[in-house]
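The values are calculated or read from the model by the stated rules, or taken from the named source; none is laboratory data. Quantities reported herein were computed from a predicted structural model and do not represent experimental measurements. Cβ coordinates were reconstructed from backbone atoms using ideal geometry, including for glycine residues, and neighbour counts include every protein chain displayed. Heads up: the accessible areas ignore ligands, DNA and RNA and are worked out on the full protein's heavy atoms, side chains in. Shrake-Rupley method; radii C 1.70, N 1.55, O 1.52, S 1.80 Å.
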Amino acid sequence: MSASIDNPHFLLRRLHSLLGLLPVGAFLIFHLWENSQSRFGAEHYNEHVVAALKGMNYLPLMEIFVIALPLLFHAGYGLVITAQMRAELARYSYTRNRLYWMQRVSGIGILLFLLLHVGMTRIAGFWDPSVGDDLFAHMQAMLIQPWMLGLYLVGLLLSVFHLANGLASMAIVWGLTTSVRGQTLFGWVCVLIGVLLAAMGIHGLMGFLS
Amino acid sequence: MIEQPIRLHIRRQDRPDSASYWQEFAIPGHPDHNIVSLLMALRENPVTISGQRVDPVIWEHNCMEEVCGACAMLINGVPRPSCSALVAELEQPIRLEPLPRFPIVRDLLVDRSRIDQGLKQVKAWIKIDGVWDIHEGAPRIGPGEWAANYLYSRCMSCGCCMAACPQFGPHSAFLGPAPLAQARLMNAHPTGRYDKTQRLHAIMAEGGLSDCGNAQNCVRVCPKEIPLTTAIGELGRQTTVQMLKDIFGPR
């Protein structure tokens, strides 16, 4: 019997879950770590971070197959899942119910932020090579505007929340955590992961302003 | 001692397709009332606070001891069985509404047949033996496992968990927590486990386990304190293993 393969419903949902961590979540962690090197200044950032990444073997293929397509599937199927939500936050004001709602709302927020973020950096670089040649200056010019810094902060925090909370529910979905105690403990581990990632991300944003 | 009258707001609906409306009642107080006995008292004299005589309120009730699950409704905004909702412990005016997310038949009576459909879908039963005597007693089971399984056997299909579930309702095919928990129970039974693969495949289809969003309201509102979210986590593990078997074999 292979009913669960013949009917893709379950597999698609698990694929959505898996892709959220690998490669999308892993890329977010890598991305935040790379950009936290902004604190070393423009020269280091442009040469050792941006230029090194640009020189990577098979870069366009990796961008498409490791980042863009998994992200698009995760986002697209995420919107389908979001449409199933009929949350009643006022009636059931439990933490997990709020996190359930927040996971879906943050997903939509991240999607909007990414359109802007990717458009103003990677896509803008197609037309204007100076964006990629001196990304530090480009980012600095953007983030120096308070509303743009605010937008990036919101985008960052939503993304980190979505990853950390996604990790906690992923553990339940895949059957790693089953008991209430296990789910609570791992939930706190995810809070710690989220706080650390948020700190690293904010550190990276501040690095462009120094 | 003269008791204060009990104030009651009831959301009523005359037909499945008609609009709902609220009516207010005041019933002579009695210290021992629960919601079922209160509605029985109201049925004797269904007069609103404005003195209008109306049709008696329709609702379901049966056992009066929180084991049949028939009388679940929304009481002051919380889904719970009305027989175990004691009036003395409720804030007044008491607001009664039909159990949400199920089709309304009339007043507080809803059609909960989706619970039964869900139980059928997950094959929430055990094939004990054939039509002949198999000359064997029931298989033995350890006390630890028995105690864990017993928690799930307390489900009375009241539907409170499904009423509180943000993924369940007329908009979705999701089975809801109660049938999933029964799949967990039957999969653990020494005889029931022979149909485990079938049950897992049933919950790996549309409306199955993967439609759960882990909002975990179910476990908060369950009147029998069934560890529904633990069942969902355990089924997550069982389906992960089943998925690997389905993809890579052996089946």
Task: Test: residue in segment B:84-95 that is crowded, with 19+ Cβ neighbours inside 10 Å, more than 23 Å from B:Gln13 (Cα to Cα) and not aliphatic (A, V, I, L, M) - done: no
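I'm trying to understand the selection: among the residues of segment B:192-215, which are open to solvent by 30 Å² or more (accessible area, probe 1.4 Å) and either within 13 Å of chain A (Cβ to nearest Cβ) or part of a loop (DSSP other than H, G, I, E, B) (or both)?
Within segment B:192-215, the first condition is being open to solvent by 30 Å² or more (accessible area, probe 1.4 Å), and the residues that meet it are B:193-194, B:196-198, B:206.
Correct list: B:Lys196, B:Thr197, B:Gln198, B:Glu206.
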TODO: Keeping to segment B:102-111, report how many residues are assigned to a loop (DSSP other than H, G, I, E, B), buried (at least 21 other Cβ atoms within 10 Å of the Cβ) and under 17 Å from the mean Cα position of the chain (by Cα).
DONE: 2
Open item on the list: So A:Leu72 ticks every box in (1) more than 13 Å from the chain's Cα centre (by Cα); (2) among the aliphatic types (A, V, I, L, M); (3) more than 14 Å from chain B (Cβ to nearest Cβ) but one. Which box is left unticked?
Closed with: (1)
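Residues are listed down the side, and each one gets a yes or a no for (1) among the basic types (Lys, Arg); (2) closer than 17 Å to B:Cys160 by Cα; (3) part of a strand (DSSP E or B):
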{"position": "B:Phe25", "(1), (2), (3)": "no, no, yes"}
{"position": "B:Gly51", "(1), (2), (3)": "no, no, no"}
{"position": "B:Trp59", "(1), (2), (3)": "no, yes, no"}
{"position": "B:Asn62", "(1), (2), (3)": "no, yes, no"}
{"position": "B:Pro79", "(1), (2), (3)": "no, yes, yes"}
{"position": "B:Ser84", "(1), (2), (3)": "no, yes, no"}
{"position": "B:Ala88", "(1), (2), (3)": "no, no, no"}
{"position": "B:Leu99", "(1), (2), (3)": "no, yes, no"}
Open item on the list: A:Phe113 - would you say it is without any contact (Cβ under 8 Å) to a residue 60 or more places away in the chain, touching a Gly at 6+ places or on another chain (Cβ under 8 Å) and assigned to a helix (DSSP H, G or I)?
Closed with: yes
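Can you tell me which of B:Ala26, B:Ala85 is in contact with a Pro (Cβ under 6 Å, 6 or more places away or on another chain), closer than 27 Å to A:Arg91 by Cβ and aliphatic (A, V, I, L, M)?
Checking each option against the conditions leaves just B:Ala26.
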Open item on the list: Anything in segment B:230-244 that is without any contact (Cβ under 8 Å) to a residue 40 or more places away in the chain and open to solvent by 10 Å² or more (accessible area, probe 1.4 Å)? List them, or say none.
Closed with: B:Thr230, B:Arg237, B:Thr240, B:Val241, B:Met243, B:Leu244
- [ ] Could you tell me which numbered condition A:Gly76 fails, if it satisfies all but one of (1) buried (at least 17 other Cβ atoms within 10 Å of the Cβ); (2) of a type outside the set (A, V, I, L, M, F, W, C); (3) closer than 21 Å to A:Ser169 by Cβ?
- [x] (1)
- [ ] Would you check which residues across segment B:1-29 are without any contact (Cβ under 8 Å) to a residue 60 or more places away in the chain and open to solvent by 90 Å² or more (accessible area, probe 1.4 Å) and list them?
- [x] B:Met1, B:Ile2, B:Gln4, B:Asp17, B:Trp22, B:Pro28
TODO: Residues being under 22 Å from B:Arg114 (Cβ atoms) and among the charged types (D, E, K, R): count how many of those fall in segment B:174-194.
DONE: 1
Open item on the list: I'd like the full set of residues that are within 12 Å of A:Leu32 (Cα to Cα) and open to solvent by 60 Å² or more (accessible area, probe 1.4 Å), limited to segment A:171-201.
Closed with: A:Leu196
Task: The one condition in (1) open to solvent by 30 Å² or more (accessible area, probe 1.4 Å); (2) closer than 24 Å to B:Arg7 by Cα; (3) in a strand (DSSP E or B) that B:Met73 fails to fulfil - done: (1)
TODO: Being at the interface with another protein chain (Cβ under 7 Å from one of its Cβ atoms) and under 14 Å from B:Gln167 (Cα atoms) is the filter; apply it to segment B:216-225 and report the residue that is most open to solvent (accessible area, probe 1.4 Å).
DONE: B:Gln216
- [ ] Enumerate the pairs (first residue in segment A:131-145 and open to solvent by less than 20 Å² (accessible area, probe 1.4 Å); second residue anywhere and in a loop (DSSP other than H, G, I, E, B)) with beta-carbon separation below 8 Å, excluding pairs fewer than 6 apart on the same chain, so at least 6 apart or on different chains.
- [x] A:Phe136/A:Gly41; A:Phe136/A:Phe208; A:Met139/A:Phe208; A:Leu143/A:Phe208; A:Leu143/A:Leu209
- [ ] Identify, by number, the condition in (1) in a loop (DSSP other than H, G, I, E, B); (2) surrounded by fewer than 22 Cβ atoms within 10 Å (Cβ to Cβ) that B:Phe174 doesn't meet.
- [x] (2)
Open item on the list: Residues that are in a helix (DSSP H, G or I) and under 14 Å from the mean Cα position of the chain (by Cα): does segment A:53-67 have at least one?
Closed with: yes
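Residue-wise test of (1) assigned by TED's automatic domain parsing to the domain that holds B:Ile226; (2) under 27 Å from B:Gln167 (Cα atoms); (3) more than 15 Å from the chain's Cα centre (by Cα).
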site	(1), (2), (3)
B:Arg11	no, yes, yes
B:Gly29	no, no, yes
B:Leu39	no, no, yes
B:Gly51	no, no, yes
B:Cys71	no, yes, no
B:Glu91	no, no, yes
B:Gln117	yes, yes, no
Task: Subset of segment A:45-60 that is in contact with a helix residue (DSSP H, G or I) (Cβ under 6 Å, 6 or more places away or on another chain) and of a type outside the set (Val, Ile, Thr) - its residue that is most open to solvent (accessible area, probe 1.4 Å) - done: A:Asn46
